[in-house]
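A.B. asks: Have a look at this one.
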Amino acid sequence: MPASKTKPATDASLEKIFGPHGWLARNHPNYEFRASQLEMADAVESALADRRHLIAEAGTGTGKTLAYLAPIIRSGRRVVISTGTKNLQEQIFFKDIPFLKKLFPNLRATLMKGRQNYLCRQKLYDLEKQPVLSGLAEVELYSEIRGWEKHTETGDRAELENLPDSSDLWRQIDARRETCTGQKCAQFERCFITWMHQRAAESDLIIVNHHLFFADLALKQMDYASLLPEYAALVLDEAHEMEDVATRYFGLQVSNYRVEELARDTEAALRQKNIASPEVTPAVREMRRRAEHFFELFPQREGRSSFSNREEFLEANRTAYSALLNSFERLKTELRRLKERPEEINRLAERAGELREAFEFVLESKERNFVYWWERRGRGVFLEASPIDVSAILRERLFDRVATVILTSATLAVGGTFDYLKRRLGLEGAGEKILASHFDYSRQALLYTPQHLPDPREPNFAAAAADEVVEILKASRGRAFVLFTSHQQMNEVYGRVRGRVRFPLLLQGQAPRTALLDRFRRTPHAVLFATSSFWQGVDVQGQQLSAVIIDRLPFAVPTDPVVSARVRLINEDGGNAFTDYQVPEAVIALKQGFGRLIRSVNDRGLLALLDHRIVRKQYGKVFFESLPSYGRTNRLEDVKAFMRES
């Protein structure tokens, strides 16, 4: 693996950077000496020197980002840093790296996003020749993008303040892989993806997110699709998300949306390239018709369902399925019959063939390590094949090929060990560190576990939980997240609480996630009712968030096809899926949910879990062993007294 050419700017020991009188103390405006930060930096530097992997659990307040950035910059190697959230990705690139350039002035870094975030110049020029813009607003937006394209150095849509998230125009001109012709494109040398790749190849640090990293890892065998250059080491921050993201990108998905995208892209290419084809146009129409008929075969109910009855489904619907596959083949054939066809047409023909192969895998594959399922979301029907166990894939494609992989997060250990994580990810022989928190949890946080509520699985739980939430909110004077494991429970409890408290109540779904968070931060005594998407990656410091209430232990839904398949495989292989998989997953999820509350040394607040199983069941011990040393009570009077001081 190649190393970067940048040499460390200083031979100073890490103590002279992170210590009480070191470089950080003199240069960082909010510096506090953190022994765990220095300990983590030492562990990272040793892992790089010894070319071995490292797992490091570093709680909020450790300063883990600087703890791994400084030693990897000092190593002089090219390192990829992958984050779980866009916020952390941007914080590292726009805040932490500029700060560290004061110490390492020769540092070169690149921020990389998914291809759909970047403009395709060729598509923009094609659209100018054959405008099919809808409405004055889109015409004005196209004009703005056309002017921006002439001076932007990145082509990143984030530079366009007036571009809506759901812009149909952007979908026609973005640089997504499906429509890319690679080196055969006339604009390849001026392509923003080419430029981004060149910047990355010249950089010491490459900042990506997990979705881009695992998409790239899954496509490494296809040269034209790969974005990341070779690298010597990798940091996976927020590594608790690794298994879920890897499962998505090492699987296969087909959908009615994917078929429609191929149809629209084909029609657009014919129009933009001035190709009149009496054969291709009816082939597109037939594909649309066959796809519509095929996807109508799936029930109208929302949510995920197992597709374990694929053989029976195909037996009953063989005609519709075969007709759909044949329509892909017909489109592919007709596209390839076009004479003097541009490269865009060849790419469309390839996509038709790829789509047929993907349908055949999802509907007909016999691979034991995959689970097959389908989901209806609104107007979309998605058919998926997901790997049940990604450990062998990650071991082969990642851990055996990269000299040093550093996994870090605030929530990796279960019961004081990394055994669960290592087993799920296929990681062996790694160094391990559980770093002491910078926070005094016994003083800053109180964990309340009421014992008088019914079991969360009982039908009267929602009513009793709503009564308890009302009392807790009165004690906390609002200023709370109320987090749920299901939308149904969230809506029911919200409906019962609304009208019984005087605080402003916000409900997930009323506005986009970022807008709700902004509203919560701006509104005194606000209360946010939300589900899993607010359990992680959310940072609200200070008294504005003084309580986190969780309805129940966050066990994954057992009927979810992927969860069910993992449970079955573990049990079939002689394990105990409940203790080996379901409990550890719930532990990590609970740690994430509680992690929303204490975000600084000055924060103080209440953690409430309305599920008495954590105290009454034997497995509750694993949760308590995994959580920080919060103060604990089961008395509402103690909650009221604690909150009066907050």
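A.B. asks: Pick out the one residue from Leu119, Leu54, Leu48, Leu124 that is more than 17 Å from Leu407 (Cα to Cα), at pLDDT 95 or above and either among the small types (Gly, Ala, Ser) or in contact with a helix residue (DSSP H, G or I) (Cβ under 9 Å, 6 or more places away or on another chain) (or both).
C.D. replies: Leu119
A.B. asks: Moving to a separate point now. Would you be able to tell me the number of residues in the range 28-54 that are in a helix (DSSP H, G or I), open to solvent by less than 60 Å² (accessible area, probe 1.4 Å) and not small (Gly, Ala, Ser)?
C.D. replies: Qualifying residue count, the range 28-54: 6.
A.B. asks: For Ser36, which of the numbered conditions (1) modelled with pLDDT under 90; (2) among the small types (Gly, Ala, Ser); (3) within 28 Å of the chain's Cα centre (by Cα) fails to hold?
C.D. replies: Only one criterion in (1) modelled with pLDDT under 90; (2) among the small types (Gly, Ala, Ser); (3) within 28 Å of the chain's Cα centre (by Cα) is unmet by Ser36, namely (1).
A.B. asks: Being touching a residue at least 24 places away in the same chain (Cβ under 8 Å), assigned to a helix (DSSP H, G or I) and under 23 Å from Leu425 (Cα atoms): is that true of His197 here?
C.D. replies: The answer is no for His197.
A.B. asks: If you don't mind, there's one more thing I want to ask. Would you mind finding the one in Leu473, Leu505, Leu483 that is touching a Gly at 6+ places or on another chain (Cβ under 8 Å) and surrounded by 14 or more Cβ atoms within 10 Å (Cβ to Cβ)?
C.D. replies: Checking each option against the conditions leaves just Leu483.
A.B. asks: Name the residue, out of Pro454, Pro524, that is part of a loop (DSSP other than H, G, I, E, B), open to solvent by 10 Å² or more (accessible area, probe 1.4 Å) and either touching a Ser or Thr at 6+ places or on another chain (Cβ under 7 Å) or under 26 Å from Asn87 (Cα atoms) (or both).
C.D. replies: After ruling out the rest, the residue left standing is Pro524.
Condition check ((1) under 24 Å from Phe307 (Cα atoms); (2) among the acidic types (Asp, Glu); (3) open to solvent by less than 10 Å² (accessible area, probe 1.4 Å)) across all residues:
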site	(1), (2), (3)
Gly542	no, no, no
Leu545	no, no, yes
Phe555	yes, no, no
Thr559	yes, no, no
Ala565	yes, no, yes
Arg568	yes, no, no
Gly575	no, no, no
Val583	no, no, yes
Ala589	no, no, no
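A.B. asks: Sticking with this one: Mind listing whichever residues of the range 141-156 are among the basic types (Lys, Arg) and crowded, with 16+ Cβ neighbours inside 10 Å?
C.D. replies: First, the residues of the range 141-156 that are among the basic types (Lys, Arg): 146, 150.
Matches in the range 141-156: none.
A.B. asks: Mind listing whichever residues of the range 417-432 are at pLDDT 95 or above and part of a loop (DSSP other than H, G, I, E, B)?
C.D. replies: Phe418, Gly426, Leu427, Ala430
A.B. asks: Here is a follow-up. Under the condition of being open to solvent by less than 20 Å² (accessible area, probe 1.4 Å) and touching a residue at least 60 places away in the same chain (Cβ under 8 Å), which residue from the range 613-626 is nearest to Leu453 (Cα to Cα)?
C.D. replies: Checking each candidate, the answer is Arg613.
A.B. asks: Can you tell me how many residues within the range 157-191 are open to solvent by less than 20 Å² (accessible area, probe 1.4 Å), in contact (Cβ under 8 Å) with a residue 40 or more places away in the chain and not in a loop (DSSP other than H, G, I, E, B)?
C.D. replies: Summing the residues that are open to solvent by less than 20 Å² (accessible area, probe 1.4 Å), in contact (Cβ under 8 Å) with a residue 40 or more places away in the chain and not in a loop (DSSP other than H, G, I, E, B) in the range 157-191 gives 3.
A.B. asks: I've got another one for you. Determine whether Glu329 is of a type in the set (Asp, Glu), touching a Lys or Arg at 6+ places or on another chain (Cβ under 8 Å) and at pLDDT 95 or above.
C.D. replies: Answer is yes for this residue.
A.B. asks: While we're here: Of the numbered conditions (1) within 21 Å of Ser564 (Cα to Cα); (2) without any contact (Cβ under 8 Å) to a residue 12 or more places away in the chain, Arg401 fails exactly one; give the number of that condition.
C.D. replies: (1)
A.B. asks: When the residues of the range 304-334 are filtered to those that are assigned to a loop (DSSP other than H, G, I, E, B) and in contact (Cβ under 8 Å) with a residue 24 or more places away in the chain, which remaining residue is most open to solvent (accessible area, probe 1.4 Å)?
C.D. replies: In this case the residue turns out to be Ser308.
A.B. asks: Right, another one. Take the residues in the range 528-548 that are touching a Phe, Trp or Tyr at 6+ places or on another chain (Cβ under 7 Å) and in contact (Cβ under 8 Å) with a residue 60 or more places away in the chain; name whichever of them is nearest to Pro450 (Cα to Cα).
C.D. replies: Looking at residues that are touching a Phe, Trp or Tyr at 6+ places or on another chain (Cβ under 7 Å) and in contact (Cβ under 8 Å) with a residue 60 or more places away in the chain, I get Val548.
A.B. asks: Pick from Arg337, Arg264: which is touching a residue at least 40 places away in the same chain (Cβ under 8 Å) and not β-branched (Val, Ile, Thr)?
C.D. replies: On the way: Arg264 fails: touching a residue at least 40 places away in the same chain (Cβ under 8 Å).
None of the other options fit; the residue is Arg337.
A.B. asks: Sticking with this structure for a sec: Being open to solvent by 40 Å² or more (accessible area, probe 1.4 Å) and either hydrophobic (A, V, I, L, M, F, W, C) or over 28 Å from the mean Cα position of the chain (by Cα) (or both) is the filter here; which residues of the range 627-643 pass it?
C.D. replies: Hits for the range 627-643 are Ser629, Arg632, Asn634, Arg635, Glu637, Asp638, Lys640.
A.B. asks: For the range 318-326, indicate whether the set of residues that are over 28 Å from Pro561 (Cβ atoms) and out of contact with any strand residue (DSSP E or B) (no Cβ under 9 Å at 6 or more places or on another chain) is non-empty.
C.D. replies: So far as the range 318-326 goes, yes, one or more of its residues are over 28 Å from Pro561 (Cβ atoms) and out of contact with any strand residue (DSSP E or B) (no Cβ under 9 Å at 6 or more places or on another chain).
A.B. asks: Right, another one. Anything in the range 259-292 that is surrounded by 21 or more Cβ atoms within 10 Å (Cβ to Cβ), of a type in the set (Gly, Ala, Ser) and either closer than 15 Å to Ala349 by Cβ or modelled with pLDDT under 90 (or both)? List them, or say none.
C.D. replies: Selection gives Ala269, Ala283.
A.B. asks: Does Ile393 satisfy the condition of being under 30 Å from Leu69 (Cα atoms), open to solvent by 20 Å² or more (accessible area, probe 1.4 Å), in contact (Cβ under 8 Å) with a residue 40 or more places away in the chain and not in a loop (DSSP other than H, G, I, E, B)?
C.D. replies: Values: under 30 Å from Leu69 (Cα atoms): yes; open to solvent by 20 Å² or more (accessible area, probe 1.4 Å): yes; in contact (Cβ under 8 Å) with a residue 40 or more places away in the chain: yes; not in a loop (DSSP other than H, G, I, E, B): yes.
Yes, satisfied.
The values are calculated or read from the model by the stated rules, or taken from the named source; none is laboratory data. The shown structure was predicted, so the numbers you read here are calculated from the model rather than taken from an experiment. All Cβ positions, even for glycine, are placed from backbone atoms using ideal geometry, and neighbour counts span all protein chains on display. For accessibility, only protein heavy atoms count, side chains too; no ligands or nucleic acids. Shrake-Rupley method; radii C 1.70, N 1.55, O 1.52, S 1.80 Å.
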